[in-house]
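S.K.: Encoded as structure tokens, here's the structure I'll be asking about.
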Amino acid sequence: MIATLACFHIALPVIAVENRPSSSNEVVNYLDLNIRDYKAKALPFSKVLSGGQGGIEKVLFDQAYRGRLCFISCHFYDGYTSKWSSYYLELQPYESTCFALAGGCNTITFPKPDSRIKISVGSQEFDVAMTDESRYRYYLPLALRQAMVASDGIPVTIKTTWDKYRNYRVGDDSRKLLVAVLNRNDEIEPPRMVDSAIQSVEERLNELMKLREKGLIDEQEYNRLRQKALGL
């Protein structure tokens, strides 16, 4: 029998806790959690989480996925995990490979999202740029945030070039809660995108300066290693 193709959006259950201990009894700080390459199965989806001084910082997690090669169960699941805050969206695509005889979903990969994506709010569409590759974070311009909070009934869809799952629609429960998370009044200057290779060079140069200041390397050795770090 030929396997059928099934595509669907699943609303995951809400977990009624803010800081859920992991299996190692570690308390998770969801406000600072980096979802890049993160196995997000146990996140508290579709729930506004608050913290910081006075509880004014808020975040919201959402997830959607769909199956491929499905008959009774699916062999593959493609999806997105997203984290929303006052000014930013963080986005992580993922692909799970699942075989019942192998014990379930035992392989997961995390593709890198596009540096620029589009977010549609009903008939309006906005171009959004990644500003932090270390977190796959995008700045949400004020016009986009205002469009999203104007009506919580208008669908929000994230459009990418990932061929496995191009259009990710935010779940209905999370969509309604975005009104309580997004800043609707202020435009800020987003940080410029820093290439990861450039960032690693800067970190190496800072490390060499500290070694020189501590007297662990002399000036000659510092200059030699500095030129090497710069590729000179």
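The values are calculated or read from the model by the stated rules, or taken from the named source; none is laboratory data. What you see is a predicted model, and the numbers here were worked out from it, not measured in a lab. Positions of Cβ are backbone-derived with ideal geometry, glycine not excepted, and every protein chain shown enters the neighbour counts. Please note that ligands, DNA and RNA were not included when accessible areas were found on the heavy atoms of the full protein model with its side chains. Shrake-Rupley method; radii C 1.70, N 1.55, O 1.52, S 1.80 Å.
S.K.: If amide hydrogens are placed 1.01 Å from N in the peptide plane, which non-local residues have theirs closer than 5 Å to the one on LEU140?
M.R.: It is TYR88, LEU89, by chain and number.
S.K.: Quick one: order PHE71, PHE61 from most to least accessible surface, probe 1.4 Å.
M.R.: Output order, biggest surface exposure first: PHE71, PHE61.
S.K.: Next question, about the same structure. Please give me the summed charge of the neighbours of TYR88: other residues whose Cβ is under 9 Å from its Cβ, Lys and Arg +1, Asp and Glu -1.
M.R.: Details: positive: LYS83, ARG135, ARG137; negative: GLU90, ASP132.
Here the charged neighbours net out to +1.
S.K.: Can you compute 3J(HN,Hα) from phi for each residue in the range 145-159, using the Karplus curve 6.51 cos²θ - 1.76 cosθ + 1.60 with θ = phi - 60°, rounded to whole Hz and x for Gly and Pro?
M.R.: Along the range 145-159, the couplings run 4, 5, 5, 6, 8, 5, 8, 7, x, 7, x, 10, 10, 9, 10 Hz.
S.K.: Go ahead and run the numbers for FRET between GLN146 and ASN34, Cβ-Cβ distance against an R0 of 35 Å, rounding to 0.05.
M.R.: Working: r = 27 Å, r/R0 = 0.78.
Result of the calculation: an efficiency of 0.80.
S.K.: Near ASN167, within a Cβ-to-Cβ distance under 15 Å, what is the net charge of the other residues, with Lys and Arg +1 and Asp and Glu -1? Mind showing how you got there, number by number?
M.R.: Numbers: positive: ARG66, LYS118, LYS159, LYS164, ARG166, ARG169, ARG175; negative: ASP62, ASP78, ASP114, GLU125, ASP163.
Its environment carries a net charge of +2.
S.K.: Counting only protein heavy atoms and a 1.4 Å probe, tell me what percentage of the range 103-154's accessible area is made up of carbon and sulfur.
M.R.: Numbers: 1120 of 2360 Å².
Of all accessible area on the range 103-154, carbon and sulfur atoms account for 47 percent.
S.K.: Give a residue-ordered list of calculated ³J(HN,Hα) values for the range 62-73 (Karplus: 6.51 cos²θ - 1.76 cosθ + 1.60, θ = phi - 60°; whole Hz; x for Gly, Pro).
M.R.: Once rounded to whole Hz, the list reads 9, 8, 9, 8, 8, x, 10, 6, 10, 8, 6, 10.
S.K.: Determine the gain in length on full extension of the stretch ALA180-THR97; use 0.36 nm per residue of separation and subtract their C-alpha separation, reporting nm with one decimal. Kindly include the intermediate steps, with their values, before the conclusion.
M.R.: Details: separation 83, 0.36 × 83 = 29.88 nm, distance 3.51 nm.
Gain on extension, ALA180 to THR97, equals 26.4 nm.
S.K.: List the residues, sorted by chain then number, that are 5 or more residues from ILE217 or on another chain and whose placed amide H is less than 5 Å from its amide H.
M.R.: For ILE217, whose amide H was placed from the backbone, the distant partners under 5 Å are ARG212.
S.K.: What is the gain in length, in nm to one decimal, between THR157 and GLU207 on full extension, counting 0.36 nm per residue of separation less the C-alpha to C-alpha distance? Spell out each step's value before the answer.
M.R.: Values: separation 50, 0.36 × 50 = 18.00 nm, distance 4.25 nm.
Result for the pair: 13.8 nm of gain on full extension.
S.K.: Moving on. Tally Lys and Arg at +1 and Asp and Glu at -1 over the other residues with C-beta under 11 Å from the C-beta of ASP78: what net charge comes out? Intermediate values should be presented prior to the final figure.
M.R.: Numbers: positive: ARG66, ARG68, LYS164, ARG166; negative: GLU95, ASP163.
Taking every Cβ under 11 Å from that of ASP78, the sum is +2.
S.K.: Mind checking which lysines have their C-alpha under 30 Å from LYS41, skipping anything on the same chain fewer than 8 residues away?
M.R.: Reachable lysines: LYS58, LYS83, LYS112, LYS118, LYS159, LYS164, LYS176.
S.K.: Computed FRET efficiency, Cβ-Cβ of ASP172 and PHE110, R0 22 Å: what is it to the nearest 0.05?
M.R.: 0.30
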